Amino acid sequence: MKQYYLLITLLCSTATLYAQIDPVLLRNTPKDTAEMKMNMDAIYNRPFLQLGKLPVALGGYVEANYQYLKENGISEGHQFQMRRLTLFVSSAISKRIKFLSEIEFEDGTKEINIEFASVDFELSPLLNFRGGVVMNPIGAFNQNHDGPKWEFIDRPISATQMLPATWSNVGFGIFGKKYVKDWVYAYEAYFTNGFDDQIINNAEGKTFLPASKTNADRFEESFNGSPLFTGKVAVKNRKIGELGLSYMGGIYNKYQEDGLTLDKKRPVNVFAIDFNTTLPKSKTYINGEWAWVHVDVPDTYTEQFGRNQQGGFVDIVQPVIKKPMMGFEKAVLNVALRLEYVDWNKGSFKSTGGNISDEVFAFVPAISWRPTPQTVIRLNYRHNTQHDILGNPPSKIAGFQFGFSTYF
Amino acid sequence: MNKKRMVMGLLITILLAALACDKILPGKPADDSILDGPIDGLTGEQHQMFLRGDVAFNDDVFTATNGLGPLFVSTSCGSCHAGDGKGHPFTTLTRFGQTDSTGNTFMQLGGPQLQNRAIPSFMPEQIPAGAAFSKFTPPANTGLGFLDAVPDNTILSLADEHDADGDGISGRVNWITLPPYITHRPGTVERNNKYIGRFGKKAAVYDLMQQTANAYNQDMGIVSSYEPYDSYTHAEIDPEVTNQKVLDLVFYLRTLKAPIQRNQHDADVISGKQLFLNIGCAKCHIPELKTGDYSIPALANKTFQPYTDLLLHDMGPGLNDGYTEGGAMPAEWRTPPLWGLGLSKNSQGGQYFLLHDGRATTIEAAIKGHGGEAQASNASFQKLSATDQAVLIKFLESL
């Protein structure tokens, strides 16, 4: 409950401010003149192609890669993967009403998802109304996940294996922004359909939020009739960077049906903090996210199902060469490093008092070459060290990944 | 962009790569350091069956949607038998309700196994008042095919029920009644419609088929055509796992390789083994057994080193929990194989949990817990010099 009050206070404190929404939505140029884009703007901050004078713009991205990984000395061999093909369509219904949808094909056509499909009504820059399939603004990655924006082939483990990125649901909400000199303040708040009991009833055999993504019914009906609230406040300074605080919470179990009580209400609560900045001198880009998950697991479940989880990542990207290369005017070569960690089960065993492990640590050095800002060709070395719940000698996965991701 | 920075960046990358260099692609752990993997000599077809069984054992996680429970102890075989090794107190199971060979008097109250977890909205079981109970820590699952292939007659020949040789050690067979789906092994021995149990800590299980069908049913609440009664409603319900899956899993258990001894030629290990023989440990923990004819040729007529006699021994009041199974007495336990002992920590979260309920956290404590028929050899161990004790432990850890 406390979190709700905190949020409402934060929301109210921004309510009197004034902001403006990106006016250059449908221009062919992806350029962002204001340069004060935040994670929440990511869905519109993409290159779109406009068809003549039609009020519709198209875009998308594709990513494919090769990988050779070994787990404890055993390899699945050489793998070529078509990870994702995503299409965006946006249209300006009127000057202040716009529509955007994002449809994603993952792993060939194995998974087809509507990641985003909503209509935005701009009442004032500080108050916009959004309805449809929205991306819950928990952390930063979920909103800002386009492949070409990242120097790493794999999405962060904490974002996809602890938090359920990409996590979209049907719902409604409001958002807005306020610019003051070098600062911009923003908020978002949505009520959507949400999780279900697959969080603790899944083939992973552990508390696993992403399991709820397999419930396609969530676009049509809520599992238990309780909405999921997601709210975020963020602040950005032109020189310092962007900081976001977000919360997502709701009831995940079916506590009643046809008016009959089945169980008590069991909440899931998620808190996240995200930060990104570009160091002025070296132009080093640092981007990170950390999140905490709390799930009310029934007492009839063992410690195998974590009540508390935490994890995050930090990416450090250093441009090393920035000059025309092979005829590409704006080519950049980066070296980068990602460090990531997830603990799916914080706590200790009742039987022995020993620490519950169930965690992974990974580091991923990378070299990426961007012939243009919208295209990245990247070489990653990945090294995961994963401990089982008892903390036995870890399983090690390592190897090379090479691929590209580009907007089109 | 200045050159210095570029060089710096590249250097950092190279440095990182170099740091990771020796492990740049993680190597396969040495065969003698892990327990999983098949025995040698299987055909391609058998490898496929082994792999399917491996998936059933490690990757099949049950949920309420595919049959779990409603009452259960855990959600997959692998969650209790990590890496096919010994388990942790966290995955211990409890059985209750039987105090002598006349059978379990608490069957109507959920006996013999306590299902102390439940899917949401269901109430898990509790040990009924007045019921004797015992806790069981999961054993390692390695080399079980070799144990399965030992002829009944070999086990009988090791038994000495009335201690005819007067060494203070008897060794008894647990004669059990078989469920109808069991296929007898060739040359099986029958007495009054009862058969020799050899698996389980009370030796109350005939073979790996019975163990598997039971584990599905009692540990996870998964009904099969072999054990068709739901552990909660006691009603016969549709199978929640196919016969093929059960058979694959049984094949997997049969063909898991035997643990490989390490440092076999180390001088300490050699003299440790000699001490082990001298002080009578090997009277129960029999170093070598031989398989007979067997349906899987790779396991037929092989000698192997399990350090068990597969018999029940009275271990004294300290290890008597008051609970028992089949024809065993509450103080009687089947000699556990000692092979793989030194690798136990790798599946028990870095620490030993030995004896049937994991109460001993060191090998010394496990030996100290030996009473009854093993009292004399325990006493001999305690009389050894500290160096000799250490040497003996070193031998045990090499197993």
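Only the coordinates and a few stated rules stand behind these numbers; no lab work does. These numbers were taken from a predicted model, which means no experiment stands behind them. All Cβ positions, even for glycine, are placed from backbone atoms using ideal geometry, and neighbour counts span all protein chains on display.
Take residue B:291 and tell me if it is in contact with a Pro (Cβ under 7 Å, 6 or more places away or on another chain), β-branched (Val, Ile, Thr) and closer than 28 Å to residue B:397 by Cβ. Criteria not met by residue B:291. When each of B:171, B:187, B:200 is tested for being under 20 Å from residue B:226 (Cα atoms) and among the small types (Gly, Ala, Ser), the lone residue that passes is B:200. Screening segment B:257-282 for residues that are β-branched (Val, Ile, Thr) and outside any helix (DSSP H, G or I) and picking the one that is farthest from residue B:385 (Cα to Cα) gives B:260.
Would segment A:303-323 turn up any residue that is among the charged types (D, E, K, R), within 11 Å of chain B (Cβ to nearest Cβ), touching a Gly at 6+ places or on another chain (Cβ under 7 Å) and surrounded by fewer than 22 Cβ atoms within 10 Å (Cβ to Cβ)? Within segment A:303-323, one or more residues are among the charged types (D, E, K, R), within 11 Å of chain B (Cβ to nearest Cβ), touching a Gly at 6+ places or on another chain (Cβ under 7 Å) and surrounded by fewer than 22 Cβ atoms within 10 Å (Cβ to Cβ).
Of the residues making up segment B:352-372, just one is within 14 Å of chain A (Cβ to nearest Cβ) and of a type in the set (Val, Ile, Thr), namely B:361.
Can we say residue B:349 is more than 27 Å from residue B:274 (Cα to Cα) and away from every other protein chain (no Cβ under 14 Å)? It is false that residue B:349 is more than 27 Å from residue B:274 (Cα to Cα) and away from every other protein chain (no Cβ under 14 Å). Please verify whether residue A:66 is of a type in the set (Ser, Thr, Tyr) and more than 30 Å from residue B:27 (Cα to Cα), treating the condition exactly as stated. It is false that residue A:66 is of a type in the set (Ser, Thr, Tyr) and more than 30 Å from residue B:27 (Cα to Cα).
Inside segment B:28-47, residues that are in a loop (DSSP other than H, G, I, E, B), within 10 Å of chain A (Cβ to nearest Cβ) and under 19 Å from the mean Cα position of the chain (by Cα) make up a count of 1. Taking segment B:102-136 as the range and being more than 23 Å from the chain's Cα centre (by Cα), within 20 Å of residue B:202 (Cα to Cα) and among the hydroxyl-bearing types (Ser, Thr, Tyr) as the test, the residues that pass are B:102, B:105.
Please state which one of A:130, A:96, A:84 is touching a helix residue (DSSP H, G or I) at 6+ places or on another chain (Cβ under 8 Å) and basic (Lys, Arg).
A:84
Note on segment B:325-346: residues that are aromatic (Phe, Trp, Tyr) and either under 17 Å from residue B:377 (Cα atoms) or within 14 Å of chain A (Cβ to nearest Cβ) (or both) total 1. Apart from one condition, residue B:105 fits all of (1) touching a residue at least 12 places away in the same chain (Cβ under 8 Å); (2) more than 20 Å from residue B:353 (Cβ to Cβ); the exception is (1).
The set of residues from segment B:88-118 being aromatic (Phe, Trp, Tyr), buried (at least 22 other Cβ atoms within 10 Å of the Cβ) and more than 12 Å from every other protein chain (Cβ to nearest Cβ) comprises just one member, B:96.
Comparison of A:332, A:342 shows that the only residue that is surrounded by 21 or more Cβ atoms within 10 Å (Cβ to Cβ), within 14 Å of chain B (Cβ to nearest Cβ) and more than 26 Å from residue B:136 (Cα to Cα) is A:332.
Only one of the listed residues (B:50, B:57) is touching a strand residue (DSSP E or B) at 6+ places or on another chain (Cβ under 8 Å) and in a helix (DSSP H, G or I). That residue is B:50. Selection of helices (runs of 4 or more DSSP H) fully inside segment B:311-399 by the criterion of at least 3 residues being of a type in the set (S, T, N, Q) returns B:375-383, B:386-398. Taken over segment B:283-297, the criterion of being in a helix (DSSP H, G or I) and surrounded by fewer than 17 Cβ atoms within 10 Å (Cβ to Cβ) is satisfied by B:297 alone.
Whether a residue is within 14 Å of chain A (Cβ to nearest Cβ) and not in a loop (DSSP other than H, G, I, E, B) was assessed, and residue B:83 passes this test. Take the conditions (1) closer than 20 Å to residue A:172 by Cβ; (2) small (Gly, Ala, Ser); (3) within 14 Å of another protein chain (Cβ to nearest Cβ); residue A:226 misses just one of them, which is (3).
If you go through segment A:173-203 and pick out every residue that is of a type in the set (A, V, I, L, M), away from chain B (no Cβ under 14 Å) and buried (at least 24 other Cβ atoms within 10 Å of the Cβ), you end up with 1. A count restricted to segment A:53-77 and to residues that are more than 19 Å from residue A:405 (Cα to Cα) and more than 13 Å from every other protein chain (Cβ to nearest Cβ) stands at 5.
For the residues B:68, B:156, the requirement of being out of contact with any helix residue (DSSP H, G or I) (no Cβ under 9 Å at 6 or more places or on another chain) and either in contact (Cβ under 8 Å) with a residue 12 or more places away in the chain or in a loop (DSSP other than H, G, I, E, B) (or both) singles out B:156. Hey, does segment A:247-261 have a residue that's of a type in the set (A, V, I, L, M), more than 19 Å from residue A:308 (Cα to Cα) and either touching a residue at least 24 places away in the same chain (Cβ under 8 Å) or more than 14 Å from chain B (Cβ to nearest Cβ) (or both)? Among the residues of segment A:247-261, not one is of a type in the set (A, V, I, L, M), more than 19 Å from residue A:308 (Cα to Cα) and either touching a residue at least 24 places away in the same chain (Cβ under 8 Å) or more than 14 Å from chain B (Cβ to nearest Cβ) (or both), which makes the answer no.
Here's the yes/no breakdown for (1) crowded, with 20+ Cβ neighbours inside 10 Å; (2) over 20 Å from residue A:206 (Cα atoms); (3) facing chain B (nearest Cβ under 8 Å):
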{"residue": "A:325", "(1), (2), (3)": "no, yes, no"}
{"residue": "A:346", "(1), (2), (3)": "no, no, no"}
{"residue": "A:358", "(1), (2), (3)": "yes, no, no"}
{"residue": "A:364", "(1), (2), (3)": "yes, yes, no"}
{"residue": "A:374", "(1), (2), (3)": "no, yes, no"}
{"residue": "A:393", "(1), (2), (3)": "no, no, yes"}
{"residue": "A:402", "(1), (2), (3)": "no, yes, no"}
{"residue": "A:407", "(1), (2), (3)": "yes, yes, no"}
